[in-house]
1. Quick one: which residue in Asp201, Asp271 is in contact (Cβ under 8 Å) with a residue 60 or more places away in the chain, open to solvent by less than 20 Å² (accessible area, probe 1.4 Å) and of a type in the set (D, E, K, R)?
2. Kindly indicate which of Ala553, Ala578, Ala557 is of a type outside the set (D, E, K, R) and over 21 Å from Arg347 (Cα atoms).
3. Only one of these is touching a residue at least 40 places away in the same chain (Cβ under 8 Å), within 22 Å of Ile300 (Cβ to Cβ), charged (D, E, K, R) and surrounded by fewer than 23 Cβ atoms within 10 Å (Cβ to Cβ): Glu138, Glu114. Name it.
4. Starting from segment 21-32, keep only residues that are surrounded by 12 or more Cβ atoms within 10 Å (Cβ to Cβ), then list their pairs with residues that are β-branched (Val, Ile, Thr) whose Cβ atoms are within a distance under 9 Å, requiring at least 6 positions of separation or different chains.
5. Between residues in segment 276-304 that are surrounded by 21 or more Cβ atoms within 10 Å (Cβ to Cβ) and residues that are assigned to a helix (DSSP H, G or I) and among the basic types (Lys, Arg), which pairs lie under 6 Å by C-beta distance while being six or more apart or on different chains?
6. Among the numbered criteria (1) in contact (Cβ under 8 Å) with a residue 24 or more places away in the chain; (2) in contact with a Leu (Cβ under 9 Å, 6 or more places away or on another chain); (3) surrounded by 14 or more Cβ atoms within 10 Å (Cβ to Cβ), which single criterion is violated by Asp337?
7. Out of everything in segment 583-601 that is touching a residue at least 60 places away in the same chain (Cβ under 8 Å) and outside any helix (DSSP H, G or I), what residue ends up being least open to solvent (accessible area, probe 1.4 Å)?
8. Would you be able to tell me the number of residues in segment 367-383 that are open to solvent by 20 Å² or more (accessible area, probe 1.4 Å) and either assigned to a helix (DSSP H, G or I) or more than 19 Å from Asp30 (Cβ to Cβ) (or both)?
Amino acid sequence: MPTYKAPLRDIRFVMNELLGYEEHYKSLPDGEEAVEVVDAILEEGAKFAENVLTPLNQIGDQQGCKLEDGKVRVPEGFTEAYQQYVEGGWPSMAQNPEYGGQGLPHSLGMVLNEMICSSNLAWGMYPGLSHGAMSALEHHGTDELKQTYLTKLIEGSWTGTMCLTEPHCGTDLGLIKTKALPQDDGSFKVSGTKIFISAGDHEMAENIVHLVLAKLPDAPAGSKGISLFVVPKFLPDAEGEAGERNGVTCGSLEHKMGIHGNSTCVMNFDDASGWMVGQPNKGLAAMFTMMNAARIGVGIQGQGLIEASYQNSLAYARDRLQMRALSGAKAPEKAADPIIVHPDVRRMLLTQKAFSEGGRALILFTAQLVDKVEHGNEEDSKEADEILGLLTPIVKAFLTEVGFEATNEGLQVFGGHGFIQEWGMEQFVRDARITRLYEGTTGIQALDLLGRKVLMNQGETLKKFTKQIHKYCQTVSKEEGMHEFTKPLSELNKEWGDLTMKIGMSAMQNRDEVGAAAVDYTMYAGYIVLGYFWAQMAEIAQKKLAEGTEEKAYYQAKLDTARFYYARLLPRTRAHAAAMTAGADSLLAMDEAAFGLTFEV
């Protein structure tokens with residue numbers, strides 16, 4: 001069985017030494033309280049992840065969910081773990097006190113989320129979707145809807161879902177067919193079928209609150225005619241408790257590659273009672289409040305799985321004996337050397353380590369932006385929202401792409417044993433694979449980044465972020481030992497702007513150039529962003545080592561990992577730069593019929 005130990009030392013490094021979380025919290029309303037409880041939340045969250053969720057991870061994968069007599073049965077121990085989660089007050093931690101929340105910064109919830117994703121991704125999706133539902137209701141729901149549904153979601157007695165996709169359409173939500181007919185009492189009758197609904201049905205909570213995209217009878221065609229509705233599994237009674245069953249049922253469970261412990265459902269809505277969230281035909285904007293939170297959450301899933309895979313492959317590499325080091329025996333008293341002495345095993349382990357620690361820095365930086373958007377003053381909130389919008393598709397796309405790579409490397413470290421179920425490494429790979437798909441595939445995230453977040457505003461937001469990197473490089477470039485990081489980072493930062501302009505000019509002639517460049521552009525951006533954080537971490541490590549810290553091994557490892565990232569991973573930008581500027585012709589020149597000529601007669 002795979003194991004997991006919450007990386008509290010590194011979490012504290014990022015929070016305290018890299019990002020200055022104490023001062024950040026003090027700058028927020030009532031932030032002093034957050035400073036006082038950070039350590040307790042980290043420690044208790046770690047215990048819950050390590051002792052409650054980790055032992056259930058393989059059980060959930062092996063047992064899966066079952067639909068029996070119209071009821072979805074979750075794996076053994078999942079319901080009890082959820083009750084512990086609720087009793088611990090975790091659902092309400094970062095929520096609005098007006099509706100029963102504790103009012104702590106959202107970033108604390110995101111720190112906890114990493115631990116949950118590392119320890120048991122499938123279980124974590126049950127409460128995870130609720131956070132997005134809370135966000136959508138708080139920002140767009142009426143006071144009545146908030147009192148009825150938001151309070152229960154924050155309490156944790158009810159969970160939430162987001163119901164977007166339908167059998168005939170995936171990302172193109174303008175094609176949805178689900179209908180919502182207005183009723184005399186102000187409610188709507190919602191009818192349609194939704195697929196791929198994570199945590200769509202279960203009995204872990206008293207009720208499930210579905211946020212459903214549907215179209216009114218007179219709705220305009222396409223995405224401009226989408227409205228958002230809250231449709232509960234059980235209709236609230238006069239006391240606000242779960243009462244009569246609504247017209248919502250689970251038609252079937254998806255038989256899928258991974259995340260077996262989570263109930264991925266086909267949901268049928270048959271004249272189900274629902275209530276509108278936000279304005280008519282403006283549902284997509286309301287849903288994006290939920291979806292953007294979910295996209296960051298999926299990025300955290302990718303990073304969390306990197307950490308879990310890394311910890312287990314590291315333990316195996318230290319223990320597994322195989323061959324001698326090429327430079328001579330490193331453990332002559334043993335029959336063979338541990339495989340961690342071999343350069344290629346080091347390459348795989350360092351790749352995992354660099355992506356995990358760099359990803360953690362990116363996520364917690366993003367978490368600070370979320371805090372500022374929600375609680376900062378008007379000016380800080382506006383600027384934070386711009387940068388957050390730029391980074392969200394990078395967090396989602398880049399961290400899930402490298403997350404899948406890193407879990408594959410973890411399996412590879414185990415050799416043949418990695419392919420065997422009992423070790424748990426192949427589960428990490430299967431679980432990680434979905435993260436590149438849901439809440440928008442990598443290609444969709446890339447179009448959002450390049451098309452909407454960069455080119456649509458002539459690169460103004462990108463300039464604000466690259467200016468931060470430029471100022472940092474200027475400030476520290478003359479510090480001893482920093483030239484090896486700031487020189488390549490500064491050059492890439494400038495090139496990022498130049499390549500953006502080049503693609504933008506090409507796109508003015510042919511819009512397909514955006515789609516042709518987008519994924520490589522996103523990966524290129526991701527490597528630079530992580531390079532920015534690795535430079536900062538290297539700077540801190542060098543200063544600590546110069547001061548003669550007692551934790552020399554920790555900071556030396558941090559510096560060594562930064563050097564590995566710059567030597568082995570950051571150069572991948574060269575291939576992405578070449579590919580993104582190669583143009584659309586090589587993708588579109590071939591006639592569609594020619595694709596099948598190798599096997600058609």
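The values are calculated or read from the model by the stated rules, or taken from the named source; none is laboratory data. Because the structure is a prediction, the values reported are computed rather than measured. Ideal geometry is used to build each Cβ from the backbone, glycine not excepted, and the neighbour counts take in all protein chains shown. To get the accessible areas, we keep the full protein, side chains included, count just its heavy atoms, and leave off ligands, DNA and RNA. Shrake-Rupley method; radii C 1.70, N 1.55, O 1.52, S 1.80 Å.
1. Among Asp201, Asp271, only Asp201 is in contact (Cβ under 8 Å) with a residue 60 or more places away in the chain, open to solvent by less than 20 Å² (accessible area, probe 1.4 Å) and of a type in the set (D, E, K, R).
2. Details: Ala553 fails: over 21 Å from Arg347 (Cα atoms); Ala557 fails: over 21 Å from Arg347 (Cα atoms).
Within the list Ala553, Ala578, Ala557, the selection yields Ala578.
3. Glu138
4. Tyr21/Val14; Tyr21/Val35; Tyr21/Val38; Glu22/Val35; Glu22/Val38; Tyr25/Val35; Tyr25/Val38; Lys26/Val35
5. Correct list of pairs: Arg295/Lys396; Val298/Lys396; Gly299/Lys396.
6. It fails just one condition, (1).
7. Ala584
8. Adding up the residues that qualify gives 11.
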